Amino acid sequence: MISELQVGVITQTHGIKGEVKVFPTTDDASRFKELRNVIMDTGRERLSMEIENVKFFKQYVIVKFKGYDSINDVEKYKTAKLYVTREHAVRLKKDEYFVADLIGMRVVTEEGEPFGTLKDVMVTGANDVYVVEREGMPEVLLPAIRECIRNVDMEQGVITVHIMEGLV
């Protein structure tokens, strides 16, 4: 299980007072209001950053880090990824999972037959869609609905699915 979860990516600076524009990679960008600390991965180093202020602009989150007060202080952090530790992650409801935890899980049919490996989760308007990679076969897109996803066993790393007619 991954110990850190990505919550955003810095896209560019915002103004001249050390703010950055962050593209949120979390389901709910408003969670940034509650965040006090993030881990910034620049690709060369990992820095613990204290958040001083947050505001929202269109689909972006504008973040001001404590001690970074000019555009020159933050310009080098464009494209840096922002993470939170699992203990600072949002609390999940029943039958909710972090995508990072699902990727790579084995997918089996209700009959116990191997079906593939979960490669990705696409977020759509209605429901998520699980992208299942199958060896030597085309990928299969499975809607993340109760009729199709029967069980997610995080401990065993197995997702049990019902293959609805017409999906394969």
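Observations, loosely collected:
- Nearest-0.05 FRET efficiency for Arg134 and Thr85, computed from C-beta distance (R0 35 Å): 0.55
- Theoretical ellipticity at 222 nm over the chain - DSSP helices of four or more residues, -39500 (n - 2.57) apiece, nearest 500: -500 deg cm²/dmol
- Distance (nanometres) between label positions extended 7 Å along Cα→Cβ at Arg106 and Ala126: 3.1
- Spin-label model distance (nm) - Phe23 vs His162, 7 Å beyond Cα toward Cβ: 3.7
- Taking percent of Cα pairs over 26 Å apart as calculated from this structure, the corresponding entry among [x] 41; [y] 62; [z] 25 is [x].
We did not get these values from a lab; they are worked out from the coordinates using the rules stated. Note that the coordinates shown come from a computational prediction; the quantities given were computed from them, not determined experimentally. Positions of Cβ are backbone-derived with ideal geometry, glycine not excepted, and every protein chain shown enters the neighbour counts.
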